[in-house]
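**Student:** Below you will find the structure I want to go over with you.
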Amino acid sequence: MGEAHPARRLIDRLAECAIGLDEANADGSGCIALIESVVHRILADFGTDLAVFESQLARVEGFIEERKRAEAEVVERSARLVEARERAQTARACAEDEVERCLQASPWAPRVVREMLEETWVRALAAARSDEGEESAPGRTLRGTMEDLAWSVGPKGQPEDRHRLAGRPPGRPQH
């Protein structure tokens, strides 16, 4: 039986369909059911007409193509998840660096302010960077508010600094 014979092509495609199947492969049930169905159909319908091999070959090829599409979707979804995780990790590292720089420039910041910036503010900055982009409006607002907070809890040696702090409306950062 030559390689071009419909029965040979069907056997080759069935073998391709079964690659990787073993007892631990929970996803193999669809392939096994297909193979059983193809064998039963051929046993029931084959006489001398080779068309049954062609029709079953088309079924197997359709199954293989569908499985390839499903595998490609899984790979794509996994790649998107890995990319999102990496983006979140990068955003977190950048946010931690920004907060650390701010706190290094503000050694007088009380412990409660430092802890809030290192925990809550880092998460907020990272989320803004990850969701909206590095130079997003929410990120700029968060950075500006962080800097204003660090400035506001520091010593005010100059009268204009005390006036600036006293004249600032609550919740309205001034730059």
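**Student:** Probe 1.4 Å, all protein chains in place: accessible area of Lys156 in Å², nearest 10?
**Tutor:** 30
**Student:** Let me ask something else. Taking a cut-off of 17 Å, what percent of all Cα-Cα pairs in region 4-121 are separated by more than that?
**Tutor:** 70
**Student:** What are the ³J(HN,Hα) couplings of region 60-66, residue after residue, when phi is run through the Karplus curve with 6.51, -1.76, 1.60 and θ = phi - 60°? Round to Hz, x for glycine and proline.
**Tutor:** 5, 5, x, 4, 4, 5, 5
**Student:** I'd like to know how region 89-154 sits against the 2.2 N^0.38 Å rule of thumb: what's its Cα Rg over that expected value?
**Tutor:** 1.02
**Student:** Could you give the angle, 0 to 90 degrees to the nearest 10, between helix 122-132's Cα long axis and the longest principal axis of the Cα atoms of the chain?
**Tutor:** Once rounded, one gets 50 degrees.
**Student:** How much accessible area does Arg59 have with a 1.4 Å probe, in Å² rounded to the nearest 10?
**Tutor:** 90
**Student:** At 1.4 Å probe size, put Trp108, Trp121 in order of accessible surface, largest to smallest.
**Tutor:** Details: Trp108 105, Trp121 45 Å².
Largest accessible area first, the list is Trp108, Trp121.
**Student:** Taking a 1.4 Å probe, which of Ser152, Ser136 shows the most accessible area, and what order do the others take after it?
**Tutor:** Ser152, Ser136
**Student:** With every protein chain kept in place and ligands, DNA and RNA left out, what is the accessible area per residue of the chain? Probe 1.4 Å, answer in Å². Before the final figure, lay out each step's value.
**Tutor:** On the way: 11640 Å² over 175 residues.
I get 67 Å² per residue for the chain.
**Student:** Show that you can apply the helix-only estimate: for the chain, add -39,500 (n - 2.57) for every DSSP H stretch of four or more residues, divide by all residues, and state [θ] at 222 nm to the nearest 500.
**Tutor:** -24000 deg cm²/dmol
**Student:** Arg114: accessible area at probe 1.4 Å, nearest 10 Å²?
**Tutor:** Result for Arg114: roughly 70 Å² accessible.
**Student:** Here's a follow-up. Using the alpha-carbon atoms, what tilt in degrees (0 to 90, nearest 10) does helix 137-152 show relative to the longest principal axis of the chain?
**Tutor:** 30
The values are calculated or read from the model by the stated rules, or taken from the named source; none is laboratory data. Model, not experiment: these values are computed from the prediction. Ligands, DNA and RNA are excluded from the accessible area calculation, which covers all protein heavy atoms including side chains. Shrake-Rupley method; radii C 1.70, N 1.55, O 1.52, S 1.80 Å.
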